[in-house]
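**Q** My structure is below; once you've seen it, I'll send some questions.
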Amino acid sequence: MTTVSLDTARTALASACGEVTEAGPADAVGGVPATLVARPGSTAETAAVMAAAAAHGLVVVPRGRGTKMSWGRPPERVDLVVDLSRMSAVLDHAAGDLIVDTQAGTLLSDVQQTVGSAGQRLALDEQVPGSSVGGVLATNGSGPGRVGIGTARDLLIGCTVVRADGVVAKAGGRVVKNVAGYDLGKLVIGSFGTLAVITEAVFRLHPVPAAQRWVTVPFGTAEDAARLVQAVVHAQVVPAAVEVEWRTDGAGTVGVLLGGTPAGVEARTAGTLRLLGAGAEAADEAPPGWGVLPWRDDADRPEIGIKLTCALTGLGPVLDAAHRAAADAGVPLTLRGSGGAGVVYAALGADAPVDAVAQVVSRTRTACTAHGGALVVLEAPPGVQAAVDTWGPVPAIDLMRRVKEQFDPERRLAPGRFVGGI
């Protein structure tokens with residue numbers, strides 16, 4: 001941007017929300033430097049910011065609390081970061097209806113604290129500490145609890161978004177009902193901010209269980225892990241969450257969370273211990289790292305984070321493929337995720353050679369695809385990003401491009417960050 005156009009744009013943005021600053025190094029998105037940062041305090045201000053940005057031809061990247069700005073591909077450019085951290089209020093908690101309405105910049109932990117006062121919870125695992133509601137939705141985050149209740153797509157019943165042209169759109173509400181047209185909430189979930197800016201979200205809640213216990217059991221091979229997970233998922237113990245962890249030292253653990261009434265949890269814990277067999281143990285506290293992504297987010301030396309998905313029947317082959325590929329490439333690998341739902345995250349060290357990463361990605365992606373899933377490199381240094389196909393093949397890419405064309409025909413929202421350069 002020229003100095004004149006930058007000054008004009010800054011003036012228009014300042015009129016829209018009053019808090020506009022020049023971007024610094026910490027505002028970069030995937031290594032791409034930003035020019036300006038706007039911090040609206042409401043949906044109306046966000047709409048005014050987006051309208052001003054559109055009028056001045058600015059490329060915009062939305063940001064919640066900045067915990068996942070290195071995920072996905074680097075955008076083509078970043079003229080403006082729309083920072084939603086000022087929009088941090090829980091707008092309404094209707095405890096009697098098990099509903100919460102919150103702004104997108106609200107910390108997930110703050111939502112849990114608010115609804116927890118009424119013995120309720122938003123059943124989303126906080127995979128990255130410090131995540132905002134909007135960030136969790138934009139990246140479709142989910143942890144081991146998806147086995148029992150589902151993902152954000154199952155919990156979101158309404159949302160407010162601002163389009164690239166500044167138009168406000170709402171979908172759903174405080175009740176679940178059928179509507180014609182786009183299911184807006186499901187479209188924006190997992191879109192990495194490329195379709196619209198999420199400003200508010202309405203979720204259905206669940207009661208906090210009166211009692212909880214974790215049962216863990218060690219495993220030695222991918223086949224053992226898959227067998228144990230299958231046994232739990234298809235038994236009568238009704239797990240609230242199932243997690244698989246396979247550490248760099250070769251030690252593996254399957255963890256099972258049981259929740260409900262004290263008497264029911266006690267009985268199901270006993271049944272789970274019998275089911276899992278030798279080595280199984282029960283505890284009142286979660287295992288270390290439970291529900292958290294396995295890689296370290298270091299701004300200077302970020303580890304490589306990979307998401308693996310597959311049908312439950314393919315869990316064993318996918319775990320085995322990843323483990324063997326890493327061993328053959330000579331790089332340490334940590335695996336942790338919702339084994340009971342076929343979604344596992346892998347971490348490779350920041351100093352892993354590019355060719356070794358490419359080998360692990362290629363072999364593991366082949367296994368994921370063969371078992372009805374996919375592999376996505378969520379986070380990696382620039383050298384790996386340039387050498388490795390981070391998203392892989394996407395059968396519905398043509399449909400996704402048409403949706404992008406409908407929502408953002410001028411490609412003003414995070415262009416290039418999502419799959420296929422969307």
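**Q** Run the 1.4 Å probe and let me know the accessible area of SER142, rounded to the nearest 10 Å².
**A** Here the residue's solvent-accessible area equals roughly 10 Å².
**Q** Still on this structure, I have one more. Rank ALA282, ILE157, THR139 by how far each Cα sits towards the positive end of the charge dipole of the chain (+1 on Lys, Arg Cβ; -1 on Asp, Glu Cβ) and give me just the farthest.
**A** ILE157
**Q** Counting pairs of Cα atoms in the stretch 368-422, how many percent are more than 18 Å apart?
**A** When all Cα pairs of the stretch 368-422 are counted, 43 percent exceed 18 Å.
**Q** Keeping all protein chains in position, work out how much accessible area CYS159 exposes to a 1.4 Å probe, and write it in Å² to the nearest 10.
**A** Rounded to the nearest 10, that gives 10 Å².
**Q** Okay, next question. Would you calculate the convex hull of the Cα atoms in the stretch 1-122 and tell me its volume per residue in Å³?
**A** About 109 Å³ per residue, rounded to a whole number.
**Q** For the chain, find the longest principal axis of its Cα atoms and tell me its angle to the long axis of helix 315-329, 0 to 90°, nearest 10.
**A** Tilt relative to the chain: about 80 degrees.
**Q** May I pose another question? Could you order ARG324, ARG213, ARG63 by accessible surface area, starting with the largest, using a probe radius of 1.4 Å?
**A** Result of the area sort, largest leading: ARG324, ARG213, ARG63.
**Q** Additional query: Compute, for TRP295, the solvent-accessible surface of its heavy atoms (probe 1.4 Å) with the complete set of protein chains present, and express it in square angstrom to the nearest 10.
**A** TRP295 has an accessible surface of roughly 20 Å² with all protein chains in place.
**Q** Give, in nm to one decimal, the length gained when the segment between SER42 and ALA270 is fully stretched (0.36 nm per residue of separation minus the Cα-Cα distance).
**A** That pair, SER42 and ALA270, stretches by 77.1 nm at full extension.
**Q** Right, next: Determine the per residue accessible area of the stretch 300-422 with all protein chains present and a 1.4 angstrom probe, expressed in square angstrom.
**A** 40 Å²
**Q** Here's something else I'd like to know. Over its Cα atoms, what ratio of radius of gyration to 2.2 N^0.38 Å does the chain give?
**A** Dividing the Cα radius of gyration by 2.2 N^0.38 Å gives 1.00.
**Q** Going by alpha carbons, how many degrees (0 to 90, nearest 10) lie between the helix axis of 262-276 and the longest principal axis of the chain?
**A** 70 degrees
**Q** While we're looking at this one, here's another question. Suppose every Lys and Arg Cβ carries +1 and every Asp and Glu Cβ carries -1, with no other charges. What dipole size does the chain come out with about its Cα centre, to the nearest 20 debye?
**A** Charge dipole of the chain: 840 debye, to the nearest 20.
**Q** Roll a 1.4 angstrom probe over the protein heavy atoms and tell me the percent of accessible area of the chain that is carbon or sulfur.
**A** On the chain, the fraction of accessible area on carbon and sulfur atoms equals 53 percent.
**Q** Now for a different question. I'd like to know how the stretch 293-333 sits against the 2.2 N^0.38 Å rule of thumb: what's its Cα Rg over that expected value?
**A** Against the empirical 2.2 N^0.38 Å value, I get 1.38 for the stretch 293-333.
**Q** Hey, got the dipole for the stretch 150-303? About the Cα centre, +1 on K and R Cβ, -1 on D and E Cβ, debye to the nearest 20?
**A** 760 debye
**Q** Can you give me the accessible area per residue for the stretch 65-112, using a 1.4 Å probe, in Å²?
**A** 35 Å²
The values are calculated or read from the model by the stated rules, or taken from the named source; none is laboratory data. What you see is a predicted model, and the numbers here were worked out from it, not measured in a lab. Quick reminder, even Gly has a Cβ in these numbers, built from the backbone with ideal geometry, and neighbours come from all protein chains shown. Keep in mind that these areas ignore ligands, DNA and RNA; they rest on the heavy atoms of the full protein, side chains included. Shrake-Rupley method; radii C 1.70, N 1.55, O 1.52, S 1.80 Å.
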